[in-house]
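Some notes on the structure that comes next.
The values are calculated or read from the model by the stated rules, or taken from the named source; none is laboratory data. Keep in mind that this is a model prediction, so the values were computed, not measured. Note that we place each Cβ from the backbone using ideal geometry, even for glycine, and neighbour counts take in every protein chain shown.
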Amino acid sequence: MANPSLVPIPARTGWSGRLEAGQSFRVIDVEGGQCADLWVFCADDPTEPLSAQHSRVHMAAIYPAVGWTFVTARRRPILRFAEDTSPGRHDCLVAACDSARYELLGAAAGHASCEDTLRSEAHKQGIPIAFAPQPINVFANFRVYDGGRLELEECVSEPGDAATFELLMDAIVVISACPQDIIAFQPGGPSDMAVEVLG
């Protein structure tokens, strides 16, 4: 029997939902090697998003991992990283892909982007987006090396790997199945993801 709480996110598309404090959701890499951009906005005031830079300071670390508490731009706890069945490579340093990024990479006009997906999904939830906040890049294997060198290495998540997050306040969640197909950090190209909303 199909699981009604499991929602597919086809490659290059997104999902959004309004969830309550205490609810959890699971981001699932259906085919493996795929990154999801994740944004969370305070439901009472969507101008207060989850803030990657404030969360890095709050946790005194740069790579999200189980046990992290993510905070908003006002330093209020909004999300907890509860469980992870993947190899544990995630990022909160690299900006979401956008039309300007693809133009610089030589892509044809109209290439799908995570920022466009964010704008589309946020519009469904009644949230105006002037620019994309820094996302949590779930399953993205982006690493910083000696000398500050940044490498966008291949995602190492396997089919069915999942990262589970618990909301610490009522919030609007947006997930984008990243459409990046020029810089080859997603083995095999963009693929499907899914989200499961838990109690």
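Summed over segment 64-88, residues that are in contact with a helix residue (DSSP H, G or I) (Cβ under 7 Å, 6 or more places away or on another chain) and either of a type in the set (Lys, Arg) or within 14 Å of residue 137 (Cβ to Cβ) (or both) total 3.
Please work out if residue 120 is under 17 Å from the mean Cα position of the chain (by Cα) and among the polar types (S, T, N, Q). Spell out the reasoning first.
Details: under 17 Å from the mean Cα position of the chain (by Cα): yes; among the polar types (S, T, N, Q): yes.
Here the answer is yes, as residue 120 does meet what is asked.
Condition test on residue 139, is it within 13 Å of the chain's Cα centre (by Cα), crowded, with 21+ Cβ neighbours inside 10 Å, farther than 23 Å from residue 170 by Cβ and modelled with pLDDT of 95 or more? Steps first, answer last, please.
Working: within 13 Å of the chain's Cα centre (by Cα): yes; crowded, with 21+ Cβ neighbours inside 10 Å: yes; farther than 23 Å from residue 170 by Cβ: yes; modelled with pLDDT of 95 or more: yes.
Yes: the conditions hold for residue 139.
Sort out which residues of segment 115-133 are of a type in the set (A, V, I, L, M) and loosely packed, with under 12 Cβ neighbours inside 10 Å, and write them in order of number. Result: 130, single match. Residue 107 meets the conditions (1) hydrophobic (A, V, I, L, M, F, W, C); (2) crowded, with 19+ Cβ neighbours inside 10 Å; (3) over 14 Å from the mean Cα position of the chain (by Cα) in every case but one. The failed one is (2).
Residues that are in contact (Cβ under 8 Å) with a residue 60 or more places away in the chain and under 16 Å from the mean Cα position of the chain (by Cα) do occur in segment 94-103.
Provide a single number: the residues in segment 96-143 that are among the aromatic types (Phe, Trp, Tyr) and in contact with a helix residue (DSSP H, G or I) (Cβ under 9 Å, 6 or more places away or on another chain). Explain how you work it out, then say what you get.
Narrowing segment 96-143 to residues among the aromatic types (Phe, Trp, Tyr): 102, 131, 139, 142.
From what's left, in contact with a helix residue (DSSP H, G or I) (Cβ under 9 Å, 6 or more places away or on another chain): 131.
Total meeting the criteria: 1.
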